[in-house]
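Worksheet: the structure to be examined is printed underneath.
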Amino acid sequence: MRSAVEIAAAVRSGERTARSVAEEHLATIASREGEIHAFNHVTADAALAQADAVDAKVARGEDPGPLAGVPVALKDNLCTRGVPTTCSSRILDGWLPPYNATVVERVTAAGGVAVGKTNLDEFAMGSSTENSAFGPTLNPLDLSRVPGGSSGGSAAAVAARFAPLSLGSDTGGSIRQPASFCGVVGVKPTYGVVSRYGLIAFASSLDQIGPFAATVNDAALLLDVISGHDRMDSTSIAASPTALLNDGTDVAGLRVGLVTELTDVEGIDPEVRAAVERAASALEAQGAIVERISVPSCIYGLSAYYLIAPAEASSNLARYDGVRYGLRVDGDDVYEMNSATRDAGFGAEVKRRIMLGTYALSAGFYDAYYAQAQRVRTLIIRDFAAAYERFDVLLSPTTPTTAFKFGAKTEDPFSMYLSDICTIASNLAGHPAMSIPFGLGSDAMPIGVQVLAPALGESVMFRVARAIEAAGGVA
Ligand code: GLN
């Protein structure tokens with residue numbers, strides 16, 4: 001199996017056709033998708049047509065772009081023109097977006113070949129893909145375990161070699177946690193670096209699209225393609241990091257802070273903690289200066305997130321009313337129709353979030369919940385700012401444990417929410433963070449190490465990630 005970087009080089013030079021690459025990956029999908037269920041929808045014909053278009057460019061002597069012929073799987077909350085986009089929810093039944101998300105346009109313009117839409121927790125709410133209305137995705141490394149979530153399908157697609165690259169979205173950890181569970185690299189960029197135009201909103205102030213890949217450099221390749229200002233997204237920023245590909249591995253003299261609140265606390269599996277400590281030692285051996293650092297407000301991130309994200313979701317999801325999109329269940333009047341549609345269309349977790357969010361925003365409780373959570377968000381931003389005065393990057397586990405078994409946390413939403421404890425603070429602060437596989441637990445499942453950086457610190461974050469990847473993670 002070759003990396004995305006190698007495939008693109010081979011297609012650009014004419015050594016391989018994009019069609020043969022697409023056929024090979026579609027064959028892999030055909031052989032294992034039945035047991036894994038990474039996709040809601042495989043777009044085989046469109047993929048072959050896109051591949052042929054890439055080959056035609058090569059034949060004409062034109063440059064097909066940096067992703068030439070590379071298969072890319074897309075999370076099914078990214079709008080694709082004329083292709084079903086479901087958010088793994090019944091409420092979007094039969095809806096066909098009339099436009100492409102900016103990231104989809106950029107991937108195709110760069111020569112990438114979209115192979116299908118990947119499964120997720122409904123509306124990206126969850127940590128295991130068990131909340132999908134179409135059934136869960138299975139972890140390709142152990143079919144009795146979850147792939148993580150909410151971008152479980154995108155992580156599984158890369159781990160099962162259905163595509164060397166995929167896109168996910170990360171609101172509280174939905175790229176990094178499944179990357180960790182499936183043993184692949186997952187990146188949440190700085191808020192605003194990647195356009196959210198055409199990403200179906202969950203919590204708009206936290207959502208960010210990012211890449212999954214088997215290697216750090218492949219993730220850099222895809223992030224280079226999708227990042228950059230977009231006038232269609234008012235939160236898109238002008239100064240995006242560029243040229244992350246091949247941007248070095250040198251960590252000599254870098255200051256790395258191991259976040260005690262996310263590493264040493266109860267609930268972090270000792271094997272996971274040990275892996276993070278080994279990654280820290282590996283960086284030290286390469287010349288970095290590693291120290292433990294306290295980021296005190298981090299531990300309140302989870303509580304703040306589970307007020308802010310549902311509050312934003314309750315507002316964003318108000319548009320699914322049986323009138324404008326997808327499903328409609330008839331009723332005697334408009335109110336009955338709205339209510340019956342939403343009752344039939346949304347799953348239990350989505351309903352829970354809408355109710356939590358509506359409550360947190362309601363007149364009598366706004367100050368006690370939503371406003372208080374926003375204050376915590378400010379404290380987290382301040383604590384990070386103080387930490388980054390002393391450190392270039394921070395290090396922590398990506399998630400407290402390796403991939404858990406199906407059903408292990410479905411009865412207790414709070415225990416499911418706890419798997420986001422290490423990832424959420426970066427979303428609240430708008431900072432970049434990524435997960436790099438580093439070693440295995442005694443259950444033979446991968447462990448992920450998280451590298452966190454300040455806003456627009458992608459370049460240094462990727463450098464540290466490469467150094468961790470190079471160290472290999474062997475115990
Ligand atoms: N697991 C978190 C949640 O359920 C994060 C989801 C996400 O990042 N989309 O909200």
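Just so it is clear, none of the values below were taken in a lab; they were calculated from the coordinates. Everything quoted here is computed from the prediction, not taken from an experiment. Ideal geometry is used to build each Cβ from the backbone, glycine not excepted, and the neighbour counts take in all protein chains shown.
For the stretch 113-137, filtered to residues that are away from the ligand (no atom under 13 Å from the Cβ) and in a loop (DSSP other than H, G, I, E, B), the residue that is surrounded by the most Cβ atoms within 10 Å (Cβ to Cβ) is T137.
Residue-by-condition table, conditions (1) closer than 29 Å to A8 by Cα; (2) acidic (D, E); (3) within 13 Å of the chain's Cα centre (by Cα):
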| site | (1), (2), (3) |
| --- | --- |
| D121 | no, yes, yes |
| R161 | yes, no, no |
| P164 | yes, no, no |
| Q177 | yes, no, yes |
| V193 | yes, no, no |
| A201 | no, no, no |
| L206 | no, no, yes |
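Across the stretch 208-231, a minimum of one residue is classified as within 12 Å of the ligand (Cβ to nearest atom), among the hydrophobic types (A, V, I, L, M, F, W, C) and touching a residue at least 40 places away in the same chain (Cβ under 8 Å).
Just so you know, in the stretch 32-67 the residues that are farther than 13 Å from G153 by Cα and within 22 Å of the chain's Cα centre (by Cα) include one that is surrounded by the fewest Cβ atoms within 10 Å (Cβ to Cβ), and it is P66. The residue that is farthest from the ligand (Cβ to nearest atom), among those in the stretch 138-160 that are farther than 28 Å from Y197 by Cα and either touching a His at 6+ places or on another chain (Cβ under 8 Å) or outside any loop (DSSP other than H, G, I, E, B) (or both), is L138. Across the stretch 410-425, the qualifying residues are those that are without any contact (Cβ under 8 Å) to a residue 40 or more places away in the chain and not in a helix (DSSP H, G or I), and the one among them that is farthest from the ligand (Cβ to nearest atom) is E411. Every condition in (1) over 30 Å from D367 (Cβ atoms); (2) over 22 Å from the mean Cα position of the chain (by Cα); (3) in a loop (DSSP other than H, G, I, E, B) holds for V265 except the one numbered (1). Please give the number of the condition S150 fails out of (1) touching a residue at least 40 places away in the same chain (Cβ under 8 Å); (2) closer than 19 Å to E312 by Cα. Evaluating S150 over (1) touching a residue at least 40 places away in the same chain (Cβ under 8 Å); (2) closer than 19 Å to E312 by Cα leaves (1) as the failure.
Inside the stretch 68-79, can you point out the residues that are under 30 Å from N316 (Cβ atoms) and either aliphatic (A, V, I, L, M) or surrounded by 24 or more Cβ atoms within 10 Å (Cβ to Cβ) (or both)? Once the filter is applied, which keeps residues that are under 30 Å from N316 (Cβ atoms) and either aliphatic (A, V, I, L, M) or surrounded by 24 or more Cβ atoms within 10 Å (Cβ to Cβ) (or both), the stretch 68-79 yields V72, A73, L74, K75, D76, N77, L78.
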